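Single-structure report; data block below.
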Amino acid sequence: MDQISDKKNREEHWIEDISLRDAISRLGERERHIIDLRFYEGKTQMEVAEEIGISQAQVSRLEKNALRCMRNYLRN
């Protein structure tokens, strides 16, 4: 089936990828690692906790803080 290329949508995703990578780079090493494990490797908070040697509650708190920081950065 023929497909029509959506150049505008593709360019918007490219810009979003750059912005997201920039937002992630502003996090601390531990928070960056947690975001990577959770959202790029698809691990659960329990799996992350076991891997890095902290509690699931700490993973949850660090993840929440990292996402808030990223959201604030991307809004500005």
>> Taking Kirkwood radius over Cα pairs in Å straight from the coordinates, which label in (i) 13.9; (ii) 12.5; (iii) 13.1 is the correct one?
In response: (i)
>> Given R₀ = 22 Å, what would the calculated FRET efficiency be for residue 50 paired with residue 13, taking r from the Cβ atoms and rounding to 0.05?
In response: 0.10
> Along the stretch 21-34, what does the Karplus equation 6.51 cos²θ - 1.76 cosθ + 1.60 (θ = phi - 60°) give for ³J(HN,Hα), rounded to whole Hz, x for Gly and Pro?
Replying inline: 4, 5, 5, 5, 5, 7, 7, x, 4, 5, 5, 4, 5, 5
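Pairs of Cα atoms under 8 Å, at least six residues apart: use those to get the relative contact order of the chain, whole percent. Show your work: numbers first, answer last.
Values: 38 pairs, mean separation 24.4, N = 76.
Value for the chain: 32 percent.
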> So what is the 222 nm mean residue ellipticity for the chain from helices alone, if each DSSP H run of at least 4 adds -39500 (n - 2.57) and you divide by all residues, rounding to the nearest 500 deg cm²/dmol?
Replying inline: -22500 deg cm²/dmol
> Karplus couplings for the stretch 58-73 from phi (6.51 cos²θ - 1.76 cosθ + 1.60, θ = phi - 60°), rounded to Hz, Gly and Pro as x?
Replying inline: 5, 4, 4, 5, 5, 5, 4, 5, 4, 5, 5, 4, 5, 4, 4, 4
>> Under 5 Å between amide hydrogens, which residues at least 5 positions from residue 43 or on another chain qualify, with H placed 1.01 Å from N in the peptide plane?
In response: 38
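A short reminder: the numbers here are calculations on the coordinates, not readings from a lab. Everything numeric in this text was worked out from a predicted model, so none of it was measured. Because the Cβ atoms are built from the backbone with ideal geometry, glycine has one as well, and the counts that use them run over all protein chains shown.
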